[in-house]
Structure formats: structure tokens, C-alpha cells
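Q: Take this structure, written in C-alpha cells, and hold onto it; I'll ask about it next.
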Amino acid sequence: MPVFNTILAVPTEVRNQVADGDCILMVTSDGTPYKIKIADLLANSSINSTTGGSSTTSYPAGMALWLDNGSLTDKSGNNRNASPIGVNSPSVATGIDDKQVLRWDGTGRQELQIPPFLSNTTGATLYCVCTINGGDNYNLVRTFSIDDYWKFVSVSGYFGTFRNSRYEGYPSGMPSTGNHLISIHASATDYEVVVDTISKGVQQSSYVPGDRFRIGVNDKVFNGDIALLLVYPQYTQPGSTSDLGVRSTIKSIYPSLPFS
């Protein structure tokens, strides 16, 4: 049996996010020590899965919110279910790749809310699979009481998700039509929006968890579908193992998205 000659100090640091290179030390049944990278563990484990045909696809575990398949029920296991504000709710329809989606028709109030759930976090990452059917402006997720747009009539965004003020004219070239994966990566210092696989540039920013979580906010009426909304309660670097694990799963479920 292996002999451990190094005594490790008891850790006192508490963190609520991890880096791809962080490891867990493990021991086999015969006492042999080894280590597993956190990113590899997350990329190969999940708390839920989506099955299509004969294969099973999984998102990396640890999400704070998971809405898909036209349902308002949170599949993350955290019971963060969405509810309509007022009497109207987006309808359930068949959308991208014949999957069930939540559909906004661009008229009236179809806003959803979830009690805010990101307090005490130092970063967050959001993935949204959406179909945009036109319109001069729209907003898909708002986390603070500011006048922000995911797309303004100028075609640029005025993003304020995970912030307490909006960016002016960022990101540029937001989509007006079509199926897309839009992700937001927010840390204490950096803010980046990625549309499909195209980064819209890194902004210097302070992360703000916000005091609300609203979907399809009424003052920026959305015309289109949301197929997936996935939120992780930490910053994920675009292009990292964890980010690519999420993206590859999304692409396997929604193959018509415009990236490989």
C-alpha cells in the first residue's frame, strides 16, 4: 500500500468558482493516489441528460438554472421555476429542430420571472438558444432595473445582464433573424458576449448578480422563441473545456444552429 509522506494543511480558503486547471485529489480502492481536473470531471458528468435517438447527451453539472423543451419547470434540481408576470405566458410551440420551445408573439405582455438566485456569486455564465423572428429591438434576460437591449434598432446591443448599467452599443451586429446560441460570460473584471462561436469582444466590467431575473421583458417585446436557457453560477472562460462541453451538447441537441 502506498505511503503518504506529505501532510497537507487543512484548507481555509473558500471559493465559489473554479478554473479549468484546478484538480481534485483522489485515491483508488488499493490506495493509489491520483488527481482529476475539475474541468474534465464537469465535462463528463451531469445531473440531468437529454436523450435523442440511441445516444444520450449531457450538460456539464453545476448549473443554477436550466429551462428547455417549452417548460417553465427548472430541470437543474434547484426548483427555480419560471412564472408569468400577469395573466399571459409565452406559448409552447414546435420550433428549432422540431423541439418544443417557449414562443413570444411580439404583442402584449408575456414576461416571465424567477426569484433572483445569484447573490453571493462572483461571476455567472448564461447560454440561450433562441429563434429571432424580426423586430427592431428585443431583450431576452434582464437582471437589474435598467433600460437595456439585447438588440436595438441600430443592430447593436445595449447589454445590461449581470450589470448595474448598460453598455452603449455593445455588442455590435446582434442578429435580427434566425436560430442562434447567445452566451454571456461575466466575471469581476471581464464581460464577453459570444454569438454562435463569434466573440463580440471583451469589455472591462464589474459583475453584478442583480435583484431580479426576468425573461422576455415587456418593455422590449420579443418576437421569437427561446428553446434553452442555461445559467451557471460562476464565470466560464469562452473556449475553455467547460464552455466547449456546454456548446457541444447544445449543438448535438440543436444541430441546425449555425456553427460546427
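Q: Tell me, yes or no, whether the range 89-102 has at least one residue that is part of a loop (DSSP other than H, G, I, E, B) and exposed (fewer than 15 other Cβ atoms within 10 Å of the Cβ).
A: To start, the set of residues in the range 89-102 that are part of a loop (DSSP other than H, G, I, E, B) comprises 89-90, 95, 99.
Then keep just the ones that are exposed (fewer than 15 other Cβ atoms within 10 Å of the Cβ); that gives none.
Within the range 89-102, not a single residue is part of a loop (DSSP other than H, G, I, E, B) and exposed (fewer than 15 other Cβ atoms within 10 Å of the Cβ).
Q: Which numbered condition in (1) of a type outside the set (A, V, I, L, M); (2) crowded, with 21+ Cβ neighbours inside 10 Å; (3) under 29 Å from S248 (Cβ atoms) is the only one that E111 fails?
A: E111 satisfies all of (1) of a type outside the set (A, V, I, L, M); (2) crowded, with 21+ Cβ neighbours inside 10 Å; (3) under 29 Å from S248 (Cβ atoms) except (3).
Q: Kindly list, by first and then second residue, each pair from a residue in the range 164-193 that is surrounded by fewer than 20 Cβ atoms within 10 Å (Cβ to Cβ) to a residue that is basic (K, R), limited to pairs with Cβ atoms under 8 Å and residues at least 6 apart or on different chains.
A: Pairs that qualify, where the first residue is surrounded by fewer than 20 Cβ atoms within 10 Å (Cβ to Cβ) and the partner is basic (K, R), are Y170/K200; S172/K200; G173/K200; P175/K151; S176/K151.
Q: Further question on the same structure: Could we say that Y158 is touching an Asp or Glu at 6+ places or on another chain (Cβ under 6 Å), modelled with pLDDT of 95 or more and over 23 Å from P233 (Cβ atoms) here? Steps first, please.
A: Details: touching an Asp or Glu at 6+ places or on another chain (Cβ under 6 Å): yes; modelled with pLDDT of 95 or more: yes; over 23 Å from P233 (Cβ atoms): yes.
So Y158 fits the description; yes.
Q: Would the range 177-192 turn up any residue that is touching a Lys or Arg at 6+ places or on another chain (Cβ under 6 Å) and closer than 27 Å to N69 by Cβ?
A: Checked the range 177-192: no residue is touching a Lys or Arg at 6+ places or on another chain (Cβ under 6 Å) and closer than 27 Å to N69 by Cβ.
Q: Quick one: which strands (runs of 3 or more DSSP E) sit completely within the range 160-260 and have at least 1 residues that are in contact with a helix residue (DSSP H, G or I) (Cβ under 9 Å, 6 or more places away or on another chain) and within 24 Å of T73 (Cβ to Cβ)?
A: Details: elements: 177-186, 190-195, 198-204, 213-215, 223-232.
Qualifying strands (runs of 3 or more DSSP E): 177-186, 223-232.
Q: Check the range 135-149 and report whether any residue there is among the polar types (S, T, N, Q) and without any contact (Cβ under 8 Å) to a residue 60 or more places away in the chain. Break it down into steps so the answer makes sense when it comes.
A: If we filter the range 135-149 for residues that are among the polar types (S, T, N, Q), which is where we start, we get 137, 139, 143, 145.
Next cut, without any contact (Cβ under 8 Å) to a residue 60 or more places away in the chain only: none.
No - not one qualifying residue is present in the range 135-149.
Q: Can you pull out every residue in the range 222-240 that is in contact with a strand residue (DSSP E or B) (Cβ under 8 Å, 6 or more places away or on another chain), hydroxyl-bearing (S, T, Y) and more than 30 Å from G106 (Cα to Cα)?
A: Result: Y235, T236.
Q: Could you identify the single residue in D196, D225 that is buried (at least 16 other Cβ atoms within 10 Å of the Cβ), acidic (D, E) and in contact with a Ser or Thr (Cβ under 6 Å, 6 or more places away or on another chain)? Working first, answer last.
A: Numbers: D196 fails: in contact with a Ser or Thr (Cβ under 6 Å, 6 or more places away or on another chain).
Of D196, D225, the one residue that is buried (at least 16 other Cβ atoms within 10 Å of the Cβ), acidic (D, E) and in contact with a Ser or Thr (Cβ under 6 Å, 6 or more places away or on another chain) is D225.
Q: Could you tell me which numbered condition I198 fails, if it satisfies all but one of (1) without any contact (Cβ under 8 Å) to a residue 12 or more places away in the chain; (2) touching a Phe, Trp or Tyr at 6+ places or on another chain (Cβ under 8 Å); (3) closer than 19 Å to Y254 by Cβ?
A: Among (1) without any contact (Cβ under 8 Å) to a residue 12 or more places away in the chain; (2) touching a Phe, Trp or Tyr at 6+ places or on another chain (Cβ under 8 Å); (3) closer than 19 Å to Y254 by Cβ, I198 violates only (2).
The values are calculated or read from the model by the stated rules, or taken from the named source; none is laboratory data. Everything quoted here is computed from the prediction, not taken from an experiment. Here the Cβ is made from the backbone with ideal geometry for all residues, glycine too, and neighbour counts use every protein chain on show.
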